[in-house]
Amino acid sequence: SSRSGSSTVQAQSRVDDAVLNQLRALGGQALLQRLVTLFFESSKGYVAEIGQGIGDSDLEKVEKAAHTLKSGAGSLGARAVFNLAETIESAARNQEVHRLPTLFDELSVAYRETCTELTSALEAGSS
């Protein structure tokens, strides 16, 4: 894959740095650390619940977990997770069951990449 400058890297970013910088400006590195840790602790469970709900055809569970995940992701500027959680929430609400497995696969990848990016952002900010 060819990389042309930093624009490709930015396009693939899962997290909005502006939001992280805003949080850092509000409460310093300690606040950001606390919010990211809270997100890691809670979001893992919601991602798992979405997967379980899809497996059990429990659309209400999927919708609720996606809604909560969306809120947490939004507060940290985790765009990719936010957008996918929103799409999953809406697909579950509209009973578009056939879309959910693929969306969940995309969410799982985006979630892993988001966690990696947030970890890097914390390490960059603490040095």
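The values are calculated or read from the model by the stated rules, or taken from the named source; none is laboratory data. Quick caveat: nothing in here was measured; it's all calculated off a predicted structure. Note that we place each Cβ from the backbone using ideal geometry, even for glycine, and neighbour counts take in every protein chain shown. Calculation scope for accessible area: heavy atoms of the full protein, side chains included, ligands and nucleic acids excluded. Shrake-Rupley method; radii C 1.70, N 1.55, O 1.52, S 1.80 Å.
Summing -39500 (n - 2.57) over the DSSP H runs of n ≥ 4 in the chain and dividing by its residue number, what mean residue ellipticity at 222 nm do you reach, to the nearest 500 deg cm²/dmol?
Computed ellipticity for the chain at 222 nm equals -28500 deg cm²/dmol.
Solvent-accessible area per residue for region 57-127 at a 1.4 Å probe radius, Å²?
So region 57-127 comes to 50 Å² accessible per residue, rounded to a whole number.
Of the accessible area of the chain, with the probe set at 1.4 angstrom, what percent is carbon plus sulfur?
52 percent
Taking the simple approach of a point 7 Å from Cα along Cα-to-Cβ for both residue 25 and residue 75, what is their distance in nm?
Placing both labels 7 Å along Cα→Cβ, they lie 2.0 nm apart.
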